[in-house]
1. Looking at the stretch 131-167, which of its residues are more than 25 Å from Ala44 (Cβ to Cβ) and among the β-branched types (Val, Ile, Thr)?
2. Which of the residues that make up the stretch 72-119 are among the aromatic types (Phe, Trp, Tyr) and over 30 Å from Leu130 (Cα atoms)?
3. Of the residues Ser4, Ser10, which is more than 30 Å from Leu241 (Cα to Cα) and hydroxyl-bearing (Ser, Thr, Tyr)?
4. Test Leu278 against the criterion of being farther than 27 Å from Met1 by Cβ and open to solvent by less than 50 Å² (accessible area, probe 1.4 Å), and give yes or no.
5. Among the residues of the stretch 17-36, write down those that are at pLDDT below 95, surrounded by fewer than 17 Cβ atoms within 10 Å (Cβ to Cβ) and more than 14 Å from Val57 (Cβ to Cβ).
6. Take the residues in the stretch 7-16 that are of a type in the set (A, V, I, L, M, F, W, C) and out of contact with any Lys or Arg (no Cβ under 8 Å at 6 or more places or on another chain); name whichever of them is surrounded by the fewest Cβ atoms within 10 Å (Cβ to Cβ).
7. Keeping to the stretch 148-176, report how many residues are hydrophobic (A, V, I, L, M, F, W, C) and loosely packed, with under 14 Cβ neighbours inside 10 Å.
8. Residue check, Ala145 against (1) within 49 Å of the chain's Cα centre (by Cα); (2) open to solvent by 40 Å² or more (accessible area, probe 1.4 Å); (3) at pLDDT 85 or above, all met but one. Which one?
Amino acid sequence: MIKSMTGFASLTREDDRATIAVTIRALNHRYLDLQLRMPQSLAAIESDVRALVVKRVARGRVELSLSVQLRQAPGFEVEFNQEFGRALSAAIDEARSRGLVAGALTPGDLLRLPQALTIRERSTDADDALQEELADRARAAVDAALADLDVMRTREGEHLRADLDARKSLVGGFVELIAAAADEGRAAMEERLADRVRELRTALQADETAVAQEIVRMASRSDISEEVSRFRGHVSHWAILADGPDPCGRKLDFLLQEMNREVNTMGSKADGLRVSELIISAKAELEKMREQVQNAE
């Protein structure tokens with residue numbers, strides 16, 4: 001199945017307790033490159049979020065942002081480091097006795113010392129229950145946003161496939177024209193060789209059977225029937241990959257390389273009017289197809 005690697009999805013879920021927002025951007029990349037931005041309070045579900053992404057995305061750079069805004073600000077606890085405070089007080093008293101400092105230690109002084117105070121959110125059984133509920137809702141929101149992203153990537157993939165199918169048909173038509181022109185060119189070359197042999201026959205004595213075999217051997221060097229057959233096989237394989245359920249971007253890219261190789265071989269072997277022009281046209285379309293396939297998952 002052909003899906004685009006690019007896409008965007010944004011989703012917001014809110015109730016009287018919290019607002020959960022999910023934003024996902026998907027871009028082209030050779031492999032799956034997942035970039036997560038989520039609050040520390042939801043760090044416990046990071047592995048779950050990654051598993052949800054891997055389930056729906058096989059390749060591409062995915063930037064996922066998850067945010068949670070509580071309706072009611074959480075309570076905080078402030079804890080004073082008594083051991084640090086005693087040591088600090090003793091050090092200041094000693095400095096004061098030596099005349100190095102003057103005045104008493106103020107609350108503002110303590111606030112400027114990160115070791116003095118520890119500030120953390122107050123945790124209660126109700127808070128733990130809310131946190132677990134938020135985690136479940138966040139998972140559901142991410143899954144829904146990924147579903148929206150998948151819809152967009154599938155829709156873009158349909159347009160991508162329509163363009164690729166049109167160009168594939170065009171290249172297939174060029175190859176059939178190349179095959180016909182090559183057959184005509186080979187027949188014309190056999191005729192030219194036979195005419196030349198007849199002209200030289202009066203001056204040279206040669207075995208007519210051997211001459212005929214050599215003419216056929218030389219003409220067979222321009223036979224491209226094997227390359228044409230393999231190219232048709234690649235076209236059939238393309239349809240199987242595009243209709244299958246699995247991501248096929250990399251396989252299609254490899255298949256295009258093989259198709260391009262067959263066309264190059266046809267160009268080096270075939271002899272006939274318009275062959276060079278048709279080869280150039282076929283290669284140009286194959287290059288456009290390969291550029292498009294870089295967008296496929």
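1. Val151, Thr154
2. Selection gives Phe84 alone.
3. Ser10
4. Spelling it out, Leu278 is indeed farther than 27 Å from Met1 by Cβ and open to solvent by less than 50 Å² (accessible area, probe 1.4 Å).
5. Selection gives Arg17, Thr19.
6. Leu11
7. Qualifying residue count for the region: 3.
8. (2)
The values are calculated or read from the model by the stated rules, or taken from the named source; none is laboratory data. These figures come from a predicted structure and were not determined experimentally. Please note: Cβ atoms are built from the backbone with ideal geometry, for glycine as well, and neighbour counts cover all protein chains shown. Remember, those area values only see protein heavy atoms, side chains included, never the ligands or the DNA or RNA. Shrake-Rupley method; radii C 1.70, N 1.55, O 1.52, S 1.80 Å.
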